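Reviewing the structure listed below.
The values are calculated or read from the model by the stated rules, or taken from the named source; none is laboratory data. Just so it is clear, the model here is predicted, and its values are computed rather than measured. Positions of Cβ are generated from backbone atoms using ideal geometry, with glycine treated the same way; all protein chains shown enter the neighbour counts. Remember, those area values only see protein heavy atoms, side chains included, never the ligands or the DNA or RNA. Shrake-Rupley method; radii C 1.70, N 1.55, O 1.52, S 1.80 Å.
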Amino acid sequence: MARIGRGYDRGMAGQDSPESGPRPIPRRAFLIGRTISELVARAPFLWPLVRGSSRRFWERRAETWGERSSVEHLAPLAAALLEVHPEPERAIDIGTGLGDGALLIAREFPHARVRGVDFSDEMVRRAQARIGLDPDGRVAFKVGDAANLPYEVDSFDLVAQLNVPVFFGEVARILRPGGHAIVAASWGTETPFYTSEAALERGFQRVGMERIAAGESVGGGTYFVARSRAE
Ligand SMILES: C[S@@+](CC[C@H](N)C(=O)[O-])C[C@H]1O[C@@H](n2cnc3c(N)ncnc32)[C@H](O)[C@@H]1O
């Protein structure tokens with residue numbers, strides 16, 4: 001099978017070692033991921049057509065997803081968080097998977113309450129198991145679809161997502177005035193769930209948000225930071 005990219009499937013078959021490097025992305029998985037990202041960015045109303053198969057795919061991947069973690073995985077999110085001022089009080093990681101992004105945000109912003117949401121029950125169960133019972137309730141995970149998030153208007157002052165298709169309307173809806181949105185891709189243009197900088201700029205503009213930063217992290221990851229207008 002034709003293969004492209006690096007990292008996305010890192011370690012999935014125990015092939016990950018300093019000698020072999022991360023396992024490349026199967027071309028089919030790359031094309032499906034890219035098609036879904038484009039579809040969601042341009043025509044989010046078509047999402048129900050692929051939602052079921054996409055969710056089943058991620059339910060199956062939950063068991064092995066953690067094996068592909070690598071240094072570059074979180075690097076673009078970490079770089080984007082440096083652009084967020086002041087420190088958020090409430091933050092969310094959409095499509096959190098096993099919760100890596102949410103846990104990074106919680107570490108970088110020690111006073112923030114952080115939520116992680118994912119439409120895969122199994123991902124959320126595993127993410128929640130990583131933190132156990134958090135007595136302060138500072139970090140928590142919940143099942144929910146990025147297309148129809150189970151949160152009120154103006155719930156967060158930071159909405160982040162790493163390697164996940166972008167539903168601009170929902171990001172803008174749950175973000176408070178003046179809040180930040182981050183869209184990051186661990187392997188830049190080689191990431192299956194990648195949305196181009198131009199599409200991000202257009203999409204955020206459409207929902208009344210402005211770009212404040214974009215860049216590349218160590219390892220070729222990319223990030224984009226937008227802000228909603230203050231009232
Ligand atoms: C490529 S993984 C990324 C996981 C995590 N952000 C990371 O980088 O490790 C994509 C994740 O997004 C979730 N996802 C995809 N589409 C979603 C949607 N519409 N709503 C909520 N979660 C979604 C999947 O279940 C999966 O956990």
Residue that is most open to solvent (accessible area, probe 1.4 Å), among those in the stretch 44-84 that are over 21 Å from residue 223 (Cβ atoms) and of a type in the set (D, E, K, R):
60
Conditions (1) more than 8 Å from the ligand (Cβ to nearest atom); (2) surrounded by 20 or more Cβ atoms within 10 Å (Cβ to Cβ); (3) touching a residue at least 40 places away in the same chain (Cβ under 8 Å): number failed by residue 93
(1)
Would you point out which residue out of 74, 49 is more than 20 Å from residue 116 (Cα to Cα) and not in a loop (DSSP other than H, G, I, E, B)?
49
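Yes or no, residue by residue, for (1) within 13 Å of the ligand (Cβ to nearest atom); (2) touching a strand residue (DSSP E or B) at 6+ places or on another chain (Cβ under 8 Å):
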| residue | (1), (2) |
| --- | --- |
| 120 | yes, yes |
| 126 | yes, no |
| 137 | no, yes |
| 140 | no, yes |
| 152 | no, no |
| 161 | yes, yes |
| 173 | no, no |
| 186 | yes, yes |
Residue pairs meeting the criteria (Cβ under 7 Å; at least 6 apart or on separate chains; first modelled with pLDDT of 95 or more, in the stretch 61-82; second more than 11 Å from the ligand (Cβ to nearest atom) and open to solvent by less than 10 Å² (accessible area, probe 1.4 Å))
77/182; 80/182; 80/225; 81/105
Selected residue [away from the ligand (no atom under 16 Å from the Cβ) and within 14 Å of residue 94 (Cβ to Cβ)] from 215, 169, 208, 179:
179
Just to be sure before I move on: is residue 133 open to solvent by less than 10 Å² (accessible area, probe 1.4 Å) and either at pLDDT below 95 or touching a helix residue (DSSP H, G or I) at 6+ places or on another chain (Cβ under 9 Å) (or both) in the structure I sent?
no
Residues 22, 88: which one is assigned to a loop (DSSP other than H, G, I, E, B), at pLDDT below 95 and buried (at least 17 other Cβ atoms within 10 Å of the Cβ)?
22
